[in-house]
Amino acid sequence: MVVNYSDPNNYDLFQIDENNFYRTDIRNGQKTSDAKIPHKGEKKSFRTLQVHVSPTEIVHQIKQGNAWFVLDRWTRPGTNLSSGRFSFYVPGRDQVSLASFSHYLDLNLR
């Protein structure tokens, strides 16, 4: 998934595989930070994810059973993380099945 996309050289990329969750921050075409968070999942199984994007942070959660667990909580001070575009990134021959997608506007405008 790509969040906070402003152009091909400035975006935040989030990926997940059977073993890890990855976060990569691209600024001016260069990696400025990245993270690899271990998370063991079943191979070729469906996952339910929830992403909350606000001006101050991006939070990824995964559902396991009936509970939600935080995979990653990320902030970048001095930046509005919700100002760019959002998209799904599906590299190579990977496949994504999207069963449900909802977008909610934060009505707590200040």
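The values are calculated or read from the model by the stated rules, or taken from the named source; none is laboratory data. Remember, predicted model here, so these are calculated numbers, not experimental data. Here Cβ is always computed from backbone atoms with ideal geometry, including for glycine, and neighbour counts include all displayed protein chains. In case anyone asks, the SASA skips ligands and DNA or RNA and just uses the protein heavy atoms, side chains included. Shrake-Rupley method; radii C 1.70, N 1.55, O 1.52, S 1.80 Å.
A quick yes/no check of all residues on (1) surrounded by fewer than 12 Cβ atoms within 10 Å (Cβ to Cβ); (2) within 14 Å of the chain's Cα centre (by Cα); (3) at negative phi:
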| residue | (1), (2), (3) |
| --- | --- |
| Ser54 | no, yes, yes |
| Ile58 | no, yes, yes |
| Ile62 | no, yes, yes |
| Gly65 | yes, no, no |
| Trp68 | no, no, yes |
| Asp72 | no, yes, yes |
| Thr79 | no, no, yes |
| Ser82 | no, yes, yes |
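Being closer than 20 Å to Leu13 by Cα and of a type outside the set (Phe, Trp, Tyr) is a description that applies to Asn80. Counting the residues of segment 43-57 that are touching a strand residue (DSSP E or B) at 6+ places or on another chain (Cβ under 9 Å) and in contact (Cβ under 8 Å) with a residue 40 or more places away in the chain gives 2. Listed by position, the strands (runs of 3 or more DSSP E) contained in segment 1-42 that have at least 2 residues being open to solvent by 50 Å² or more (accessible area, probe 1.4 Å), within 15 Å of Pro91 (Cβ to Cβ) and touching a residue at least 12 places away in the same chain (Cβ under 8 Å) are 10-16.
Residues in segment 84-110 that are among the small types (Gly, Ala, Ser) and more than 14 Å from the chain's Cα centre (by Cα): Gly92, Ser97, Ala99, Ser100, Ser102.
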